[in-house]
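The values are calculated or read from the model by the stated rules, or taken from the named source; none is laboratory data. Predicted model, so just to flag it, every value in this text is computed and none were measured. Backbone-built Cβ (ideal geometry, glycine too); neighbour counts: all protein chains shown.
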Amino acid sequence: MGLFRASLEDLEIEDEPSFRHVALYEDLKRVVSAMGQTFLVPPEGEWLGWDRAVLLNLLFWEPGTTDVLSSRCIDADVVMHVAWHELANRNLPACVEAHLLGESIASAFDLYLIGRLLGHSPSSTFLESQVVRMSEAASDEGLDEDAFQTLLTGVSKEPERAFELLRELLFDASRALLPAATPEQGLRALEAFDDHPYRPLLHHYEISSWVMRSRIDAAKSQWPADASKRALEVDEALRSTGDAVAWLERTWLR
């Protein structure tokens, strides 16, 4: 089986009606449309195993490169995820901090979307799959079903705040793990976040892959000494503003 380049216009976008009330969706969709043939897809009518597509993306994806899809369909939430990575690539000089910041923004935006869809799009396939996976991750961390539902209620009431709290956790935890040289050091790094309200969701995300990719990139790349400055400035701006999603919209999308 070969893989063929495709643009967003060549693909069928699934679950799109669920996001019609999310104003940012169309803006983010335009970002991906402007990227051209940014996807690799199997031949028409064929299917690449989902796990295999994930493996290829984890091994070979880099900012500005192509995403591998399992078919000629793409979920609307994935369109937005791709857009945030592209926007980070456009706005941040390449460095470890930029990579981790882009990952944390794109991933935390999923929680923002859950907050926006709860009560609005109950039949969304994104909502169904993400909530189940998050519930499983939270359960593994000792959060019972009632506590998880309370967490979701808070996300639904304040999706912008939920986005920023999770973004900070993902960014800070992945940066804290970077210098850890032993399991004991890694555990101490993680334990520093045990009191964070979204700590039960931490292992829902692929932060191990982010950290490993960052270590590889740091070893093979020679970035300017001040390469991380812009990423850290954006991180601080997001922490200090009242609405991090609105800040990103104003600064990166307008």
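Among helices (runs of 4 or more DSSP H) lying entirely in segment 128-193, which contain 1 or more residues that are basic (K, R) and under 23 Å from L101 (Cα atoms)?
It comes to 159-177, 183-191.
Out of segment 104-127, which residues are assigned to a helix (DSSP H, G or I) and not small (G, A, S)?
Hits for segment 104-127 are I105, F109, D110, L111, Y112, L113, I114, R116, L117, T125, F126, L127.
List, please: which pairs have Cβ atoms under 8 Å, are six or more places apart or on different chains, and start with a residue in segment 15-44 that is over 26 Å from A244 (Cβ atoms) and at pLDDT below 95 and end with one that is part of a loop (DSSP other than H, G, I, E, B) and basic (K, R)?
V41/R72; P42/R72; E44/R72
Quick check on my filter: what residues within segment 3-23 are under 22 Å from L127 (Cβ atoms) and among the acidic types (D, E)?
Residues satisfying the conditions are E12, E14, D15, E16.
Looking only at segment 64-82, filter to residues that are under 17 Å from the mean Cα position of the chain (by Cα) and of a type in the set (G, A, S); which one of those is surrounded by the fewest Cβ atoms within 10 Å (Cβ to Cβ)?
Here the residue is G64.
Any idea which residue in segment 206-254 is surrounded by the most Cβ atoms within 10 Å (Cβ to Cβ), counting only those that are without any contact (Cβ under 8 Å) to a residue 40 or more places away in the chain and not in a helix (DSSP H, G or I)?
Here the residue is T241.
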